[in-house]
Amino acid sequence: MQSSRIIFPKIAYVMLILMSSALLGCSDAQTDEAPSSTASIFDTSISPSLPIESLNSGRTFSLLKADWKLDPMRLNRLVKAARLEGGIYWSGYNQVQIDAWCAAFTNEFDVPCSGRGVSARQIITSLAAESDAKQPKTDVAYLSMSQMAQYFDKGLASTTDWESLGINQSKIWSDGERGNAVGIILSQYTHFANTNYIQEMPATIFDWADPQYKGLICAPDFLLRAGNGFLGLLYDPEVMIQLHRHLIDENDMLVTNDCDALLVSGERPLTYMGYGLPYNLLDTGYIEPFWNPGLGANLFSHAIAADAPHPNAAKLFTAWSSSQRAADISWQSIRQGWPAYGTLHEVAPHFDYDKMVFESTDTYRLRSERTRYFQEKLFEGKR
């Protein structure tokens, strides 16, 4: 990398524009002649919306390695206050993860813990409705950065002095005066190939448009919509719209939430923009993960609700959730399911971080805007 503008090899892709007069004529005879004109070149140059160091930075990766440390006297006081409140309730995405974390937290601190898993499309609406009804239940919200921004914007988050509770400063982030959060887990978008059928994986995001992959690609619906916000930080968003229209219309990319089964069976041996490292796929021995420049890495965080019924229990739980022990439990609990969140200590050796666009305070709002733009242009706003 010699400057802030990186150029990857340009690759021309054929869009099968058959222009010969013979084919336009009335003859039913077949011809072996090659098309007289084939042309379609995507602009594969990288024109970052933000400085490269903001997009591809080890800072976000390294900050999550810091373990939680709180001196025993302060920890004992916090645990006692949490027990007096009677417990904690938290809202996140994955019920399996919630149950596993709650069981471990209660076992360690003797503080009751429960929670609910809510879909990404519904969680902000659900949290806002809970607050508007003046019947607060959620103490801690577990959200992606883009959804945490919405949580801040709606005035649903509180501001906590996390450093005084043993949280490394590098894990703490905020959005003005509307609350702050603690970074917990970084999870990477990942492509997958069934190597029983695929020997040559697409090397760049543009290689997926190669006709050799026609009819072989499956893209998870929700992840395709969400993940392209990251590509829109690295490449021209209009080029990304053009590319993905081509993938769907010309290369017959199937958009569904059933890609795992199709990947394993070989019916669709390429998954475009999957997530994490799900061992139920990798343990087959023939499903291989790979990455292209521009794939994103979501940062998931915890924030305490502004109207949390159990603020001390919420502080204890959030601080504990940033620990190495909690990371171990999260990985073990949902590595078999979707999404298989990769806690950094175990998954880091597998990921190709040089090809990752990190989600950070520098990028998350623009990434969210690009995601909405992609949704509107490619899917016409359909959810």
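The values are calculated or read from the model by the stated rules, or taken from the named source; none is laboratory data. Since this is a predicted model, take the numbers as computed values, not measurements. Heads up, the Cβs are rebuilt from the backbone with ideal geometry, glycines too, and the neighbour counts pull from every protein chain shown.
General observations
- Residues in the stretch 274-332 that are of a type in the set (D, E, K, R) and in contact with a helix residue (DSSP H, G or I) (Cβ under 7 Å, 6 or more places away or on another chain): ASP307, LYS315.
- Flag: ASP328 does not match the condition of being of a type outside the set (Ser, Thr, Tyr), on the phi > 0 side of the Ramachandran plot and surrounded by fewer than 19 Cβ atoms within 10 Å (Cβ to Cβ).
- Number of residues in the stretch 74-100 that are of a type outside the set (A, V, I, L, M), under 33 Å from the mean Cα position of the chain (by Cα) and in a helix (DSSP H, G or I) equals 3.
- Only residues that are of a type in the set (A, V, I, L, M) and modelled with pLDDT under 75 were counted in the stretch 325-383, giving 5.
Rundown of residues vs (1) assigned to a helix (DSSP H, G or I); (2) within 20 Å of PRO293 (Cβ to Cβ); (3) modelled with pLDDT of 90 or more, yes/no style:
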{"site": "GLU177", "(1), (2), (3)": "no, no, no"}
{"site": "GLN199", "(1), (2), (3)": "no, no, yes"}
{"site": "GLY215", "(1), (2), (3)": "no, no, yes"}
{"site": "LEU233", "(1), (2), (3)": "yes, yes, no"}
{"site": "GLN242", "(1), (2), (3)": "yes, yes, yes"}
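- Qualifying positions in the stretch 298-315 - among the hydrophobic types (A, V, I, L, M, F, W, C) and buried (at least 24 other Cβ atoms within 10 Å of the Cβ): LEU299, ALA303, ILE304, ALA305, ALA308, ALA313, ALA314
- Residues that are charged (D, E, K, R) and part of a helix (DSSP H, G or I) were ranked within the stretch 101-132; the one that is surrounded by the most Cβ atoms within 10 Å (Cβ to Cβ) is GLU130.
- Being touching a Ser or Thr at 6+ places or on another chain (Cβ under 9 Å), surrounded by fewer than 20 Cβ atoms within 10 Å (Cβ to Cβ), free of Cβ contacts under 8 Å to residues at least 24 places away in the same chain and more than 25 Å from VAL79 (Cβ to Cβ) is a description that does not apply to GLU200.
- Pairing each residue of the stretch 247-266 that is more than 14 Å from PHE222 (Cα to Cα) and surrounded by fewer than 17 Cβ atoms within 10 Å (Cβ to Cβ) with any residue that is of a type in the set (Phe, Trp, Tyr) and at pLDDT 95 or above, provided the two are 6+ apart or on different chains, yields C-beta distances under 6 Å for GLY266/TYR197.
- The test for being among the charged types (D, E, K, R) and either assigned to a strand (DSSP E or B) or in contact with a strand residue (DSSP E or B) (Cβ under 6 Å, 6 or more places away or on another chain) (or both) holds for ARG268.
- Matching residues in the stretch 133-165 - criterion: being polar (S, T, N, Q), closer than 17 Å to ASN94 by Cα and part of a loop (DSSP other than H, G, I, E, B): THR138
- Test: residue in the stretch 250-263 that is among the small types (Gly, Ala, Ser) and either in contact with a helix residue (DSSP H, G or I) (Cβ under 9 Å, 6 or more places away or on another chain) or farther than 13 Å from ALA193 by Cα (or both): no
- Test: residue in the stretch 133-148 that is surrounded by fewer than 23 Cβ atoms within 10 Å (Cβ to Cβ), of a type outside the set (Gly, Ala, Ser), more than 20 Å from the chain's Cα centre (by Cα) and under 30 Å from MET73 (Cα atoms): yes
- All positions within the stretch 244-260 that are within 16 Å of THR190 (Cα to Cα) and part of a helix (DSSP H, G or I): CYS259, ASP260
- Residue list for the stretch 58-86, restricted to those being touching a strand residue (DSSP E or B) at 6+ places or on another chain (Cβ under 6 Å) and modelled with pLDDT of 95 or more: none
- For the criterion of being out of contact with any Leu (no Cβ under 9 Å at 6 or more places or on another chain) and surrounded by fewer than 19 Cβ atoms within 10 Å (Cβ to Cβ), ASP283 passes.
For (1) closer than 30 Å to TYR235 by Cα; (2) more than 21 Å from the chain's Cα centre (by Cα), each residue gets a yes or a no:
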site: LEU262; (1), (2): yes, yes
site: GLU267; (1), (2): no, yes
site: MET273; (1), (2): yes, no
site: PRO278; (1), (2): yes, no
site: ILE287; (1), (2): yes, no
site: PHE290; (1), (2): yes, no
site: GLY294; (1), (2): yes, no
